[in-house]
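Note sheet for the following structure.
Computed from the coordinates by the stated procedures, all read-outs in this text should not be read as laboratory data. These numbers come from a predicted model, not from an experiment. Cβ sites come from the backbone with ideal geometry, for glycine too, and all protein chains shown count toward neighbours.
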Amino acid sequence: MCAAIRTRFSSAELPVLLLTARARVEDIEAGFQSGANDYVTKPVDTMELRSRVKALTTLRKSVSDKMRMEAAWLQAQIQPHFLFNTLNSVASLSEFDTPRMRKLLEAFSHFLRTSFAYRNVEKVVPLEYELELVRSYLYIEKERFGERLRVAWELDEAQDLMIPPLSLQPLVENAVRHGLMRRKSGGEIRICVKLDGQFAEISIVDNGVGMDEETRQRIIAQTNVPSGGIGLPNTHRRLKQIYGKGLRITSEPDRGTTISFIIPVNQ
């Protein structure tokens, strides 16, 4: 059972303490080889057992906090080219369309404030908070790319839905940068929130260049991740730790990519 757990969760994401009457050296070794974090043989002192459990739960909490801080840190590391391109768009609009320039500056200001907000280290935030960050980002990119970037929204009414912070914006940015804008003609991105009973499915769908199976596996496994794609493995790990399931990625080269995840409505 422990080996099966390790196929889904790392030792830091879900610690396992084995409590057993088997005290032979080979049994203890087998337990650790199967992925256990700690091994206690019976009979065991109650205080010792509590201390070991506390140590492992503290480890899990520290890893959870680290992943949330990592997500906030990644969001705060705004790419220089994104800043330069946005400022160039502002400068260009100032020459012939002042109202559009003001709207772009408002969206840029909101994007920066939200990117540096302390709420990004919380466990969950309202869905609308995350959607506002996505809207600001897409508004900026549409001013830059024009008709090359088309955006569609399919949102069910989900006022009370809470999601991990920075779980949508990295997916949307990845779809725009690595999917749609690698096509000369651009493409469309759809942000979908579908309610189904006690669960909500959130999907980011694009008709960009897509990816092969090897690249898809690398992203989830966090090995040789393309530049700027670190946010996807972080989001995957946080979702899996909180809900038991991470990102689902389906993609075909030259056909596009769908990235989705499912969360409970009443948390």
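Assign unit charges at the C-beta atoms only (+1 for Lys and Arg, -1 for Asp and Glu), then state the dipole size of the chain relative to its Cα centre in Debye, rounded to the nearest 20. Kindly include the intermediate steps, with their values, before the conclusion.
Values: 37 positive and 33 negative charges, 95 e Å.
Here the size comes out at about 460 debye.
Which whole-number percent is the relative contact order of the stretch 78-264 (Cα, under 8 Å, 6+ apart)? Each step should come with its number before you reach the end.
Values: 289 pairs, mean separation 32.6, N = 187.
Relative CO of the stretch 78-264 lands at 17 percent.
Counting each DSSP H run of 4 or more residues in the chain as -39500 (n - 2.57), what helix-only mean residue ellipticity at 222 nm follows after dividing by all residues, to the nearest 500 deg cm²/dmol? The partial results should precede the final answer.
Numbers: 9 runs with 127 residues, N = 267.
Mean residue ellipticity at 222 nm (helix-derived): -15500 deg cm²/dmol.
Please report the spacing between the Cα centers of the stretch 1-49 and the stretch 181-206 in Å, no decimals.
The stretch 1-49 and the stretch 181-206 have Cα centres separated by 41 Å.
Please state the charge dipole magnitude for the stretch 1-155, taken about the Cα centre, from unit charges on C-beta atoms (+1 on K and R, -1 on D and E), reported in debye and rounded to the nearest 20. It would help to have the intermediate numbers written out before the result.
Details: 23 positive and 20 negative charges, 47 e Å.
In debye, rounded to 20, the stretch 1-155 gives about 220.
For the chain, what size does the Cα cloud have along each of its three principal axes, sorted from largest down, in whole Å?
80, 39, 37
Based on the mean of other beta carbon atoms within 10 Å per residue, what is the order of 172-183, 125-136, 153-164, most packed first? Please report the intermediate quantities before stating the final value.
Working: 172-183: 20.8, 125-136: 18.7, 153-164: 14.9.
Put in order of decreasing packing, that is 172-183, 125-136, 153-164.
What are the aspartates and glutamates whose alpha-carbon lies under 19 Å from the alpha-carbon of K194, with same-chain residues fewer than 8 places away excluded?
Hits, sequence-local ones excluded: E128, E130, E132, E154, D156, E157, D160, D206.
Rank the residues F108, F116, F96 as a footprinting-exposure proxy: fewest other Cβ atoms within 10 Å of their Cβ go first.
On the way: F108 21, F116 12, F96 8.
If I rank by nearby Cβ atoms, fewest first, I get F96, F116, F108.
Diagonalise the Cα gyration tensor of the stretch 17-129 and give the resulting equivalent ellipsoid semi-axes, square root of 5 times each eigenvalue, largest first, whole Å.
Details: eigenvalues 613, 42, 14 Å².
Semi-axis lengths for the stretch 17-129 are 55, 14, 8 Å.
Any idea what % of Cα-Cα pairs in the stretch 2-64 are farther than 14 Å? List each step's numbers first, then the result.
Details: 1119 of 1953 pairs.
More than 14 Å apart: 57 percent of the Cα pairs in the stretch 2-64.
Which entries of K54/K240; K42/K123; K123/K245; K42/K245 show an alpha-carbon separation above 26 angstrom in the structure shown? All intermediate terms of the calculation are to be shown ahead of the outcome.
On the way: K54/K240 22 Å; K42/K123 37 Å; K123/K245 16 Å; K42/K245 34 Å.
Result: K42/K123; K42/K245 exceed 26 Å.
Find which of L166, A30, S64 sits farthest along the positive direction of the dipole of the chain, computed with +1 on the beta-carbon of Lys and Arg, -1 on that of Asp and Glu, about the Cα centre.
Of L166, A30, S64, it is A30.
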